Amino acid sequence: TSGTYYYYITISISGSGCAPVTSDVSEVIVLDDSTISSQPLVSQTLCQGTAPQDLEVTVTGGLGTVYAYQWYSNTINSNTGGSLIPGATNAIYTPPTATVGTLYYYVVITQPDPGCSVVSETSEVIINQAPNITTQPISETICFGEIFNIKIYYVCQPKYQMKGTFLIIVANMC
């Protein structure tokens, strides 16, 4: 329980002429841990190379208002055992989007004195492969009313198929 506590010790030794000895009083202040009042975004799914939404935390409590932040990434949905992200030492972190895959981010927030800490929940960031057209469509001249197909070859997300003058989204999978 948080609060201020006072301790001292009295030592008594049995024997002739031994008087009890009492220590000075020691004050111990027990603080509540800091708490995260605003957790990072739960999840976001992005296309490779696009701008992500920042991950941000707000912390309160503890002793004073000086907090140290360290962000971590993890390949599993866990806020322990992740890899330290060098230089990610602020309340706000912008996750990279250059690499396809799923990572989970979390932050450990500490106070330098007395060393209390709190860990955020994880934030899932899913990066899908950017679309890539491998063969461009060929131009064609036709008569009014004729039907024609345009073939476009692509890789991964999102998948499009064009026929005539309509753009149809076929699927969103890889």
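The values are calculated or read from the model by the stated rules, or taken from the named source; none is laboratory data. As the structure is a computational prediction, the values presented were derived from the model and not from experiment. Positions of Cβ are generated from backbone atoms using ideal geometry, with glycine treated the same way; all protein chains shown enter the neighbour counts. Side chains included, ligands, DNA and RNA excluded: accessible areas come from the protein's heavy atoms. Shrake-Rupley method; radii C 1.70, N 1.55, O 1.52, S 1.80 Å.
Only one entry in 3, 87, 61 is open to solvent by 50 Å² or more (accessible area, probe 1.4 Å) and at positive phi, namely 87. For region 90-119, a residue qualifies if it is surrounded by fewer than 18 Cβ atoms within 10 Å (Cβ to Cβ), closer than 14 Å to residue 40 by Cα and either β-branched (Val, Ile, Thr) or at pLDDT below 95 (or both), and the qualifying residues are 92, 94, 108, 119.
So, residue 108, is that one hydrophobic (A, V, I, L, M, F, W, C), out of contact with any Lys or Arg (no Cβ under 7 Å at 6 or more places or on another chain), part of a strand (DSSP E or B) and without any contact (Cβ under 8 Å) to a residue 40 or more places away in the chain or not? Yes: the conditions hold for residue 108. If you scan region 65-95, which residues turn out to be touching a residue at least 24 places away in the same chain (Cβ under 8 Å) and not in a strand (DSSP E or B)? Within region 65-95, 66, 67, 75, 76, 77, 78, 79, 80, 82, 91, 94, 95 meet the criteria. Reported count of residues in region 6-54, each being under 30 Å from residue 131 (Cβ atoms) and either of a type outside the set (A, V, I, L, M) or surrounded by fewer than 11 Cβ atoms within 10 Å (Cβ to Cβ) (or both), is 13.
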